[in-house]
Amino acid sequence: MKRTILFIIIAFLFLPVFIFADTSVDYLEGILEVQKSGSWQEVGIGDELSDSATLKLSGDGYAELLVGNSIVSLSRDGTYEVRELMRGSASVAATSLDLKKKLTLSTGNEKWQHEATMGVRGAEASVSDSTGMEDAFTYLYAGMKLLDQDDYEEALINFEEGWEFFEDQNCLFFSAICYDALGQKRDYARSLQDVEIDSLEKEFQGAYVIRMSDLLIRSLSYDDAVKLIKGFESSNASLSSDEEQQIQFLKGTAYLGSGSKQNAKSAYQKAKDLAPSTPVGQQASQALSSL
């Protein structure tokens, strides 16, 4: 009898962690409903969810669920099974990176010297001979100057105008960064998803891959994150050491989520070797020790 009880206790301890993880709504824009007795009932921030629940996100929605210690993003309208989200969330807790690093324009690039130093809002702006309007780089430069001062609302106005008037992908990307800083998570996700990496200046492509990979991983789209990172690596883009380390760490997490443990180990090891003492290097070391 004692032997049977001991076996049950051991089996209980080694059951998958996701079975016991609490799940609740942490953030919501749009409409989130749970299916109960054949009908849909709306839920809100703070509501707890059963592991057997079926969810429906609508109204161009964006939601974040707290699953144990992990944040899982629902970034598209559709139906979701909570049990599957819990099962897939094991890797998400490892992706907490500092995405707030400030980006600067390359002062050696003549493209940025198109009289952009005059700014746009509150100052004289350069004017394009062909359109009679300020060019996109003027809006971008002015927005980045404001971004450097942490004036996200004014920076966003410049970036949005640069995107609206010229459909400049750099302005769209920096609009997303402002939305993130201002806590507008749905607009952040939508803008980031609309960015075309090939149309970004090369100096911003690494930052985009970091942010987009992070969003894909939090959305449990691990295979898409791996595809994005591998495609970017094949372009031989120039990266800072910090960007290279973060991308390797995210690649490890994406591989882990997709079930490729050996590839995850290799990527984590590269991230660790690049700079063991940095926060990302330490996270990579912790991830390796748990594999």
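The values are calculated or read from the model by the stated rules, or taken from the named source; none is laboratory data. On a predicted model such as this, the values are computed, not experimentally measured, just so you know. Note: ideal-geometry Cβ built from the backbone for every residue, glycine included; neighbour counts use all protein chains shown. Only protein heavy atoms, including side chains, enter the accessible area calculation; ligands, DNA and RNA are left aside. Shrake-Rupley method; radii C 1.70, N 1.55, O 1.52, S 1.80 Å.
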How much of the accessible area of the stretch 169-265, in percent, comes from carbon and sulfur atoms when a 1.4 Å probe is used? 40 percent
What does the highest-first list of 246-253, 54-61 look like by mean Cβ count within 10 Å? 246-253, 54-61
Rolling a 1.4 Å sphere over the protein heavy atoms, what is the accessible area per residue of the stretch 182-288, to the nearest Å²? 44 Å²
So the FRET efficiency between Ser238 and Asp47, C-beta based with R0 = 35 Å and rounded to 0.05, is 0.15
Charge tally in the Cβ shell below 11 Å around Asp51, where Lys, Arg are +1 and Asp, Glu are -1, Asp51 excluded: -2
